[in-house]
Amino acid sequence: MTLLRSIFQFKCPNCREGSLFVNSNPYKLRELNKMHERCSKCNLKFSLEPGFYQGAAYVSYALQVLNSLIIFNLLFWFTTIYWKDIIYIILVFIIILTPYIVVVSRSVWIHMFVKHNSKKF
Ligand SMILES: [Zn+2]
């Protein structure tokens, strides 16, 4: 499994097989952010230190800004929508995408700190 697939399928960064999250659907909001304590395949502890996932907020911010810039430029240059209306459209996108971005940013964050170990578990 490639790095990108592992990130976007929310797999363990070490073995890329075990699931990071209890529920892989981020739109089940009651279980948003509920992670397994350890990987079911390789036993990697997912919380590397207390408050580890606070740093994922920076990833989340960067992803939301990137999304907003992409949406703004697509709508501004390729449609006739007034720019102030584009801002409202972006706000709707941000609200809809937030649960997904939260989960992806946690996955990106742990993948930044744990290297893939290709040995079989
Ligand atoms: Zn694992």
Can you name every residue in region 63-109 that is more than 24 Å from the chain's Cα centre (by Cα) and either basic (Lys, Arg) or under 27 Å from residue 4 (Cα atoms) (or both)? 84
If you check 5, 30, 38, which single one turns out to be away from the ligand (no atom under 12 Å from the Cβ), basic (Lys, Arg) and modelled with pLDDT of 95 or more? 5
Any chance region 7-17 includes a residue that's part of a loop (DSSP other than H, G, I, E, B) and aliphatic (A, V, I, L, M)? no
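Within region 37-59, does at least one residue satisfy the condition of being of a type in the set (Val, Ile, Thr), over 15 Å from the mean Cα position of the chain (by Cα) and over 16 Å from residue 12 (Cβ atoms)?
The first filter runs over region 37-59 and keeps only residues of a type in the set (Val, Ile, Thr), leaving 59.
From the residues that got through so far, the ones that are over 15 Å from the mean Cα position of the chain (by Cα) too are none.
Checked region 37-59: no residue is of a type in the set (Val, Ile, Thr), over 15 Å from the mean Cα position of the chain (by Cα) and over 16 Å from residue 12 (Cβ atoms).
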Can you find even one residue in region 47-67 that is farther than 14 Å from residue 101 by Cβ, surrounded by 15 or more Cβ atoms within 10 Å (Cβ to Cβ) and within 15 Å of the ligand (Cβ to nearest atom)? no
Against the condition surrounded by 15 or more Cβ atoms within 10 Å (Cβ to Cβ), acidic (Asp, Glu) and either within 16 Å of the ligand (Cβ to nearest atom) or more than 14 Å from residue 108 (Cα to Cα) (or both), how does residue 17 come out, does it pass? yes
Suppose we filter 116, 111 for residues that are in a loop (DSSP other than H, G, I, E, B) and touching a Leu at 6+ places or on another chain (Cβ under 8 Å); which single one remains? 116
Residues 101, 71, 87: which one is open to solvent by less than 100 Å² (accessible area, probe 1.4 Å), in a helix (DSSP H, G or I) and either under 18 Å from residue 53 (Cβ atoms) or within 16 Å of the ligand (Cβ to nearest atom) (or both)? 101
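The values are calculated or read from the model by the stated rules, or taken from the named source; none is laboratory data. Bear in mind that the values here come from a model prediction, so they are computed numbers and not experimental data. Cβ: placed from backbone, ideal geometry, glycine included. Neighbour counts: every protein chain shown. We work out accessible area using only protein heavy atoms, side chains counted, and drop any ligands, DNA or RNA first. Shrake-Rupley method; radii C 1.70, N 1.55, O 1.52, S 1.80 Å.
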